Amino acid sequence: MEPDDTELKAPSSLDPASSDYWEQAYRMGTPPWETGVPAEALVRVVREKLVPRGTVLEIGCGSGADAIFLARNGFEVTAVDISAIAIERARLRAELEDCLPRFVLADIFRFAPTAGQFDFVYDAGFYHYIRQTNLHGFLDVLWQVTRPGSYYLTVAGATGETADGGPPQVSADDLHYELARLFELVELQQCRIASPRRKEGYLGWSCLMRRPILRPATAK
Ligand SMILES: C[S@@+](CC[C@H](N)C(=O)[O-])C[C@H]1O[C@@H](n2cnc3c(N)ncnc32)[C@H](O)[C@@H]1O
């Protein structure tokens, strides 16, 4: 059965900066980003060993499929979401799959300052929302949770998708101008973002970046 479109819409009368907005999206059923399987872009990056095994922070982990995939592939996972329903679903999914990422119910803006630094930071569908309302705050978060040499992968909706109902869209220039303030680009590839709303999914970016390792200038 095709999911009912009205069921999938996040509630537009609420502010996406509030936890109620996200809570309501999960309470209403299956939100348009929830597929229950790991993101194609993340699977490729891990399979191609583009990021080393180590600690990883997932920002806005939703119901946990990506965090579980990372834990199964040898990463030490901390996965944060502001929605209690999403975290509950994630913990249940992990229990059923006999896998134990660390799921944390928290607002990333409160969590980040004391979270420490991770080898790898990942989000699917967080940057492309938050950049619209609080890009500077998010850059502060990324600064706090990375160190020189840390990797950051974002999976974001891409400009050029003409189908209705997809994720917010960002251009390659947006990614460069907004994220290159902190990171250097490792790889930018187009990908498909899966959705229960559309079997072909939506056009997206897999953008892998790394925080530069600054070396002291050598005296001449
Ligand atoms: C578009 S959904 C993507 C979820 C998941 N990454 C996926 O692909 O299925 C964005 C997620 O970010 C979470 N979120 C929104 N604001 C947040 C915040 N300030 N701190 C932590 N999580 C947040 C939402 O609850 C939601 O689960």
Would you work out the relative contact order for segment 24-104, in percent, from Cα pairs under 8 angstrom that are 6 or more residues apart?
28 percent
Once Lys and Arg get +1 and Asp and Glu get -1 on their Cβ, which of GLN24, ALA71, THR35 lies farthest toward the positive end of the dipole of segment 14-79?
ALA71
Footprinting proxy, ASP164, ASP119, ASP20: sorted fewest to most Cβ within 10 Å, the residues are ASP164, ASP20, ASP119
Nothing charged except the Cβ atoms of Lys and Arg (+1) and of Asp and Glu (-1): what's the magnitude of the dipole of the chain about its Cα centre? Round to the nearest 20 debye.
960 debye
Can you tell me how segment 16-210 classifies by the Cα gyration tensor, rounded, prolate or oblate, using a/c under 1.5 as the rounded cut?
rounded
Proxy exposure order for VAL56, VAL45 (fewest C-beta within 10 Å first) is VAL45, VAL56
Whole-Hz Karplus ³J(HN,Hα) for segment 57-70, in order, using 6.51 cos²θ - 1.76 cosθ + 1.60 and θ = phi - 60°, x for Gly and Pro?
10, 9, 9, x, 7, x, 8, x, 4, 6, 4, 5, 4, 5
Could you tell me the ratio Rg/Rh of segment 138-220? Both radii from Cα atoms, Rh via Kirkwood.
1.11
Between rounded, prolate and oblate, where does segment 10-96 land on the alpha carbon gyration tensor, with a ≥ b ≥ c its root eigenvalues, rounded for a/c under 1.5, else prolate if a/b exceeds b/c?
prolate
Contact order relative to length of the chain, as percent, for alpha carbon pairs under 8 angstrom and 6 or more apart
18 percent
Nearest-ten-degree value, helix 127-145 long axis tilted from longest Cα axis of the chain
40 degrees
Label-point separation in nm, ALA172 to ASN73, each point 7 Å along Cα→Cβ:
2.4 nm
Once the Cα atoms of helix 84-96 and of the chain are each reduced to a long axis, what angle between those two axes, in degrees from 0 to 90 to the nearest 10, is obtained?
80 degrees
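So what is the 222 nm mean residue ellipticity for the chain from helices alone, if each DSSP H run of at least 4 adds -39500 (n - 2.57) and you divide by all residues, rounding to the nearest 500 deg cm²/dmol?
It comes out at -9500 deg cm²/dmol, rounded to the nearest 500.
Where both partners of a DSSP beta bridge lie in segment 16-210, what percent of those bridges are antiparallel, to the nearest 5?
If I count the DSSP bridges inside segment 16-210, around 45 percent turn out antiparallel.
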Spacing of the two label points (7 Å from each Cα toward its C-beta) at ALA84 and THR218, in nm:
5.9 nm
Treat the count of other C-beta atoms within 10 Å as a stand-in for reagent exposure and order LEU100, LEU139, LEU208 from fewest to most.
LEU100, LEU139, LEU208
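Bear in mind these aren't lab numbers, they're just calculated from the coordinates by the rules spelled out. None of the values given here were measured: they were computed from a predicted structure. Glycine gets a Cβ as well: all are built from the backbone with ideal geometry, and neighbour counts include every protein chain shown.
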